[in-house]
């Protein structure tokens with residue numbers, strides 16, 4: 001428990017004196033069992049009635065690698081002085097959720113409650129919270145805690161915390177014990193430092209995917225400093241890729257999409273791409289050689305990357321944010337002659353995530369999505385795997 005929580009817990013008697021001092025006195029020693037019972041009963045009553053109290057929450061969980069989701073009750077901790085309680089309205093499906101329950105990155109802890117793209121209404125705030133008030137709209141993304149003290153945290157890169165980031169689900173829970181549970185649920189309790197402000201007037205369901213897909217595709221634009229007029233290639237146009245197109249087009253880049261789905265060619269142009277090509281179009285692929293200032297791969301599985309590396313100008317970079325597996329088909333000699341770079345990136349820090357939210361609100365950008373209800377999660381995940389999503393599935397948690 002943090003120091004602030006200890007301090008607050010010391011003021012528990014009706015007379016306002018320290019509980020520790022009260023229980024240390026002679027009279028208190030004689031009546032300690034009765035006092036403790038009364039305090040325990042009162043605390044439980046207050047906890048049950050308070051929006052800040054611990055609670056059991058409805059969620060939808062995977063119980064094995066098959067992806068069959070079912071209702072499941074999970075515990076949410078009582079809110080501390082710096083916590084906010086968020087009633088989740090919308091939570092979207094990320095391909096990372098699917099990789100996790102399938103065990104692609106190592107066997108998860110079941111029951112697993114995924115979800116790291118969520119938007120909801122603040123229903124409770126701790127006594128020391130300054131960023132939110134009850135009734136505000138907040139978002140929660142890929143992480144819920146970090147040490148806050150290491151060099152990376154101090155540089156607003158909490159996702160790279162040197163002492164271990166706490167991710168939103170299937171991560172060791174340093175506060176409550178066990179593992180963290182994500183946004184396929186009715187409520188979450190999170191430190192205010194890891195909650196994002198959602199501007200008024202936006203499409204809340206369309207903003208949920210910005211909490212992962214948005215920041216994951218926005219962060220490389222900042223780090224590799226994409227400039228207006230530069231040529232930017234987006235490889236794969238699914239949940240991440242379609243937001244990559246929208247965000248880069250809003251920055252004034254010349255966006256070119258490469259997809260394996262013919263029906264996405266026109267979609268790409270409607271999202272802001274100036275050109276779109278099928279991977280199977282060999283002539284078009286050949287014409288792109290040495291023409292890009294920056295490329296982004298959003299494809300969630302490994303594939304030969306050298307044909308796309310060949311499209312980079314001298315000293316330029318292809319950034320992989322999709323396939324979190326061993327990279328295939330990058331040829332050292334060819335990369336050397338072109339002095340091309342193959343880089344990796346992931347989610348951004350909290351400050352940068354707030355930046356993409358504000359950028360999207362300013363430019364009228366939101367995810368393109370299909371709304372589903374919680375009982376459709378399993379089927380929707382399978383459609384994502386089969387590349388049938390257009391382009392994000394958002395779960396309406398108000399239908400839980």
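Overview of results
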| quantity | calculated |
| --- | --- |
| Number of the condition not met by residue 247 [criteria: (1) in a helix (DSSP H, G or I); (2) in contact with a strand residue (DSSP E or B) (Cβ under 7 Å, 6 or more places away or on another chain)] | (2) |
| Residue identified as crowded, with 18+ Cβ neighbours inside 10 Å and touching a helix residue (DSSP H, G or I) at 6+ places or on another chain (Cβ under 9 Å) among 199, 209 | 209 |
| Some residue of segment 385-394 being surrounded by 18 or more Cβ atoms within 10 Å (Cβ to Cβ) and within 18 Å of residue 198 (Cα to Cα) | yes |
| Restricting segment 234-244 to residues that are in contact with a helix residue (DSSP H, G or I) (Cβ under 7 Å, 6 or more places away or on another chain) and outside any helix (DSSP H, G or I), the residue that is farthest from residue 358 (Cα to Cα) | 235 |
| Yes/no for residue 397 being over 14 Å from the mean Cα position of the chain (by Cα) and either surrounded by fewer than 22 Cβ atoms within 10 Å (Cβ to Cβ) or free of Cβ contacts under 8 Å to residues at least 12 places away in the same chain (or both) | no |
| Residue match in segment 214-221 (condition: crowded, with 24+ Cβ neighbours inside 10 Å, touching a strand residue (DSSP E or B) at 6+ places or on another chain (Cβ under 6 Å) and farther than 16 Å from residue 322 by Cα) | no |
| Matching residues in segment 335-360 - criterion: being surrounded by fewer than 20 Cβ atoms within 10 Å (Cβ to Cβ), touching a helix residue (DSSP H, G or I) at 6+ places or on another chain (Cβ under 9 Å) and not in a helix (DSSP H, G or I) | 341, 342, 343, 345, 346 |
| Matching residues, segment 318-331, being in a loop (DSSP other than H, G, I, E, B) and either at pLDDT 95 or above or at negative phi (or both) | 321, 322, 323, 324, 325, 326, 327, 330, 331 |
| Flag if residue 61 is surrounded by 19 or more Cβ atoms within 10 Å (Cβ to Cβ) and either closer than 29 Å to residue 122 by Cβ or modelled with pLDDT of 95 or more (or both) | yes |
| Output for segment 269-287, where each listed residue is crowded, with 18+ Cβ neighbours inside 10 Å and more than 33 Å from the chain's Cα centre (by Cα) | none |
| Unmet criterion (only one of (1) surrounded by fewer than 20 Cβ atoms within 10 Å (Cβ to Cβ); (2) within 20 Å of residue 248 (Cα to Cα); (3) out of contact with any strand residue (DSSP E or B) (no Cβ under 7 Å at 6 or more places or on another chain)) for residue 290 | (3) |
| The one condition in (1) buried (at least 18 other Cβ atoms within 10 Å of the Cβ); (2) within 17 Å of the chain's Cα centre (by Cα) that residue 87 fails to fulfil | (1) |
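Quick grid of which residues meet (1) touching a strand residue (DSSP E or B) at 6+ places or on another chain (Cβ under 7 Å); (2) in the same structural domain as residue 238 (by TED's automatic domain parsing); (3) not in a helix (DSSP H, G or I):
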site	(1), (2), (3)
266	no, yes, no
300	no, yes, yes
307	no, yes, no
313	yes, yes, yes
333	no, yes, no
362	no, no, no
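The values are calculated or read from the model by the stated rules, or taken from the named source; none is laboratory data. Bear in mind that the values here come from a model prediction, so they are computed numbers and not experimental data. Counting neighbours? That spans all protein chains shown, and the Cβs are built from the backbone with ideal geometry, glycine included.
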